[in-house]
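Throughout, read-outs are computed from the coordinates displayed, never taken from laboratory work. This is a predicted model, so every value here is computed, not measured. For neighbour counting, all protein chains shown are included, and Cβ atoms are generated from backbone atoms with ideal geometry for every residue, glycine included.
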Amino acid sequence: MPASTVSERPAGAARPLHFSGIQVDHRDGDGRPFRVLDIPDFVVSAGALIGLRGPSGSGKTSLLHLAAGFFLPDAGSISWGDVVVSALPGAARDRWRRETVGFVFQDFHLVPELDVLANITLPASFSGWRQTSDQVARATALAGRMGLTDLRRRAAVLSRGEQQRVAIARALFNAPALLLADEPTASLDPAHAAEVGSLLVEVAHESGATLLCASHDPALLARMQQVASIGDGPLQLKVAA
Amino acid sequence: MNPLPMVIADLRALRWTAAAIVTLVALAVAIGVAIGAQERALRQASTKAADDFDLLIGAPGSQTQLVMSAIYLQPEALPLIDGRLINELARDPRVAAVAPLAFGDIARGHPVIGTTLAFASRWGRLPPSEGRLFAREGEAVLGADVTYKLGDKIEPSHAIAGHWPKRGVVDEDEASRRHEGHAYVAVGRLPRLGSPFDRAILVPVESVWEVHGLGNGHAAEDAALGPPFDGQRLPGVPALVVKPRAVADAYALRARYRQGGTMAFFPAEVLVGLYRTLGDVGQVLSVASVLNAVLILAAIFLLLVAVTGLRRRRYAVLRALGAPPAYVLLVVWLGMAGLVAAGCLAGLGLGAAATLAVSGLFEVQTGLRLSFALGLAELAQVGLILLLGSLAALIPAALSYRRSITAGLRG
């Protein structure tokens with residue numbers, strides 16, 4: 001596989017991701033506040049492959065959303081190297097996310113009316129008017145790396161496993177230094193889950209990106225360098241068992 | 001940024017809904033356009049048809065009815081005025097030209113109008129497109145749409161007021177009321193006027209009198225056509241068309257012939273009154289069509305807000321992938337404004353088609369040719385709909401703009 005095409009890194013290398021003094025509160029159905037996240041101090045070193053384990057509702061998704069800058073914590077800060085993401089104004093945070101983060105969802109969230117190629121290159125349309133031939137070449141290479149050959153098929157007709165491969169290729173398109181995956185294999189059957197899971201970890205590793213991956217899937221967690229448990233005391237990184 | 005791929009994807013996802021929205025907007029626009037254009041076209045065509053009728057003189061009665069009969073050739077029974085008025089007016093220094101209009105006969109459903117050479121050629125303005133004008137009794141010159149050919153024999157029948165014969169054929173009624181032993185020969189054809197006169201057969205007024213057994217209006221049997229009519233007993237006519245020399249003359253003549261057993265008026269006066277009514281109806285209709293457009297836009301707006309609501313996860317994903325809020329705003333807005341714009345364009349076309357279709361029907365009915373032209377008023381109305389639609393589309397776009405990514409992803 002041409003790993004070199006995936007590991008190009010125009011957007012800058014991975015940096016340590018640092019959660020510090022994070023508190024996130026929500027209100028329950030009766031309006032009483034409850035704490036969703038409480039992370040005194042948690043550092044993900046640059047280029048690490050980290051699994052995130054915890055029961056449903058323990059805040060895994062919130063943690064990933066926080067890391068991507070989708071929302072701001074009620075207290076504390078998140079920084080990416082020397083960039084304090086949680087202090088960036090909205091537009092700058094959007095730009096930081098576009099240049100730095102690749103996000104993989106449990107339910108893929110492809111645009112069903114677009115074909116495979118258009119789905120992968122979609123992030124390019126956020127900043128540029130025309131698609132360059134370099135972008136098409138990169139998308140084609142990524143698709144090839146993910147085992148996708150027919151780029152003209154519409155996303156709506158793909159199998160679930162194929163859809164998640166397209167979604168991963170899309171997440172990698174802007175060469176993100178931080179790859180966030182929220183239960184990427186949870187809605188796949190076991191065979192597809194194993195394939196997609198190993199591809200995700202491989203390409204993240206090849207590209208040198210930091211991978212933070214929330215999952216219940218022991219097989220997927222086993223591929224990570226380290227696993228953190230959420231929901232039972234402070235986040236601590238443990239070497240994967 | 002280039003939101004077009006997402007806009008196209010969104011529209012593709014909507015498909016039938018998008019088609020329905022475009023159709024609805026198009027219908028709303030078309031109705032407004034058609035009403036406005038139709039009303040104006042009717043006004044213009046009817047004014048044009050009255051062009052050569054500066055002053056009408058007839059027996060006292062309904063001015064509207066005289067206009068309808070003399071200019072728009074609707075079959076009505078009219079009282080007659082003394083034929084000697086023709087001579088009096090012909091001698092009047094304030095009169096440039098005068099012509100009688102004698103109607104009441106039909107041939108193959110075409111009205112046969114007795115008049116003078118001068119009026120047949122519209123005071124010399126209208127040379128025949130084929131053949132020549134009538135030069136003696138028994139000759140006829142045809143309107144552009146008359147179904148006879150040059151050289152054909154035309155047998156006139158007595159028409160009945162209020163009966164609308166089918167043109168081009170002799171119906172039973174017409175056949176039973178034929179003026180036996182009288183016939184005209186078609187010697188020429190007039191160019192198209194776009195008025196009911198295109199369906200008329202013009203003959204010398206002398207012949208009409210003759211056919212009805214009233215003599216020919218002249219002292220001699222073989223006198224030259226036209227005024228002066230020096231007969232002993234001059235038959236009456238239903239209407240006189242007068243071309244005054246000057247505006248002041250026109251008013252003086254109108255005043256003079258308003259008394260002494262005649263009425264005189266400018267057809268324009270009657271038309272202004274009719275247009276006022278027409279305008280009121282037109283206004284009611286355009287208010288109705290604007291309300292109709294507003295209702296349709298409101299319904300579409302609600303539909304689009306609902307659609308955007310259903311798509312909030314999709315738009316949140318775009319934001320999660322790094323799309324700036326302006327990108328999402330543009331995707332939502334361009335899609336909706338595009339649909340409204342497409343509907344407006346289609347509506348203009350549809351409105352034009354509807355106007356042409358209605359104009360065609362109207363011409364068949366009345367002989368008035370309505371020419372379609374989009375006026376500023378219609379374009380302004382479409383522009384307003386487009387503007388309101390685009391502004392309304394900003395609301396769901398702004399809603400999508402403000403929603404947090406996490407809330408959107410939760411669905």
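Counting only DSSP beta bridges whose two residues both lie in chain B, roughly 75 percent are antiparallel.
State the extension gain, in nm to one decimal, for the chain segment bounded by B:R132 and B:R313, taking 0.36 nm per residue of separation less the distance between their alpha-carbons. Don't skip to the answer; put the middle values down first.
On the way: separation 181, 0.36 × 181 = 65.16 nm, distance 7.92 nm.
This chain segment gains 57.2 nm when fully extended.
Remark: B:D52, A:D28 ranked as A:D28, B:D52, counting other beta-carbon atoms within 10 Å and listing the fewest first.
Roughly what % antiparallel, to the nearest 5, for the DSSP beta bridges in the protein assembly as shown? Roughly 65 percent of the beta bridges in the protein assembly as shown run antiparallel, per DSSP. At a threshold of 8 angstrom on Cα-Cα distance, excluding pairs fewer than six apart, so keeping six or more, what relative contact order does chain A reach in percent? Once normalised by length, the contact order is 30 percent.
Ordering B:T23, B:A186, A:L49 by the projection of their Cα atoms onto the charge dipole of the protein assembly as shown, which places +1 on the Cβ of Lys and Arg and -1 on the Cβ of Asp and Glu, puts A:L49 at the extreme positive end. The A:R95 and B:V294 beta-carbon pair, evaluated with R₀ = 35 Å, returns a calculated FRET efficiency of approximately 0.30. Which value, to two decimals, describes the C-alpha radius of gyration of region B:110-192 once divided by 2.2 N^0.38 Å? Rounded to two decimals, the normalised Rg is 1.11.
Counting only the backbone N, which residues of region A:44-61 are under 18 Å from the spot 7 Å out from the Cα of A:F34 toward its beta-carbon? Under 18 Å, as judged by backbone N against the label point of A:F34, lie A:54-61 of region A:44-61. In the protein assembly as shown, taking the dipole from charged Cβ atoms about the Cα centre, the farthest positive-side position among B:I71, B:P60, A:H205 is held by A:H205.
Evaluate the charge dipole of region B:55-265 about its Cα centre and quote only its size in Debye, nearest 20, assuming +1 on the Cβ of each Lys and Arg and -1 on the Cβ of each Asp and Glu. If you can, show how the numbers build up before the last one.
On the way: 23 positive and 23 negative charges, 174 e Å.
About 840 debye.
Per 0.36 nm of contour for each residue apart, how much would the distance between A:V157 and A:A137 grow if the chain were fully extended, relative to their Cα-Cα spacing?
Full-extension gain reported as 4.9 nm.
Per-residue counts of other Cβ atoms within 10 Å, averaged by peptide: what ranking do you get for A:115-121, B:184-190, B:117-123, B:296-302, highest first?
Numbers: A:115-121: 24.7, B:184-190: 21.4, B:117-123: 18.9, B:296-302: 16.9.
So the peptides A:115-121, B:184-190, B:117-123, B:296-302, ranked by packing, come out A:115-121, B:184-190, B:117-123, B:296-302.
Tell me, what is the percent relative contact order of chain B, built from C-alpha pairs under 8 Å that lie six or more residues apart?
Rounded, it is 29 percent for chain B.
At an R0 of 60 angstrom, the distance between the Cβ atoms of A:D74 and B:R177 translates into a FRET efficiency of 0.05. Expressed as a fraction of 2.2 N^0.38 Å, the C-alpha radius of gyration for region A:14-239 is 1.01.
Test of understanding: express the Cα radius of gyration of the protein assembly as shown as a ratio to 2.2 N^0.38 Å, with N the residue count. Write down the numbers at each step before the final one.
Numbers: Rg = 42.4 Å, N = 652, 2.2 N^0.38 = 25.8 Å.
Working it through for the protein assembly as shown, the quotient is 1.64.
Net charge in the neighbourhood of A:D217 (other residues with Cβ under 13 Å of its Cβ; Lys, Arg +1, Asp, Glu -1) is -1. For B:V287 and B:A248, the difference between the fully extended length at 0.36 nm per residue and the C-alpha to C-alpha distance is 10.0 nm. In this Cβ point-charge picture (+1 for Lys and Arg, -1 for Asp and Glu), the protein assembly as shown has a dipole of about 1600 debye about its Cα centre.
Inter-label distance, A:W129 to A:R27: 4.6 nm, where each label sits 7 Å from its Cα along the C-beta direction. Shown for chain B are the DSSP H helices of 30 Å or more along their axis, judged by Cα atoms, with a mean Kyte-Doolittle hydropathy of at least 0.5: B:16-49, B:267-310, B:325-366, B:376-402. Taking the Cα centre of chain A as reference, the dipole from Cβ charges on Lys and Arg (+1) and Asp and Glu (-1) amounts to some 440 debye. Taking every DSSP beta bridge that has both ends in region B:55-265, the antiparallel portion is near 75%. Computed with the Debye formula from one identical point scatterer per Cα of chain B, without solvent, the log10 of I(q)/I(0) at q = 0.11, 0.13 Å⁻¹ comes to -0.82, -1.02.
With a sphere of radius 15 Å drawn around the Cβ of A:E162, what net charge do the other residues whose Cβ falls strictly inside it have (Lys, Arg +1; Asp, Glu -1)?
Numbers: positive: A:R145, A:R152, A:R153, A:R154, A:R160, A:R165, A:R170; negative: A:D107, A:D115, A:D150, A:D189, A:E195.
With Lys, Arg at +1 and Asp, Glu at -1, the neighbours total +2.
Could you tell me the calculated FRET efficiency between A:A13 and B:L387, based on Cβ-Cβ distance and R0 = 35 angstrom, to the nearest 0.05? Let's see the in-between values first.
Working: r = 50 Å, r/R0 = 1.43.
That gives a FRET efficiency of 0.10.
Hey, what number do you get for chain B at 222 nm if only DSSP H runs of n ≥ 4 count, each worth -39500 (n - 2.57), divided across all residues, to the nearest 500?
Details: 13 runs with 215 residues, N = 411.
The helix contribution divided over chain B gives -17500 deg cm²/dmol.
Label zone (B:Q232, point 7 Å along Cα-to-C-beta; backbone nitrogen cut-off 18 Å) within region B:67-92: B:83-84.
Exposure proxy for B:K243, B:K48: other Cβ atoms within 10 Å of each Cβ, ordered fewest to most, give B:K48, B:K243.
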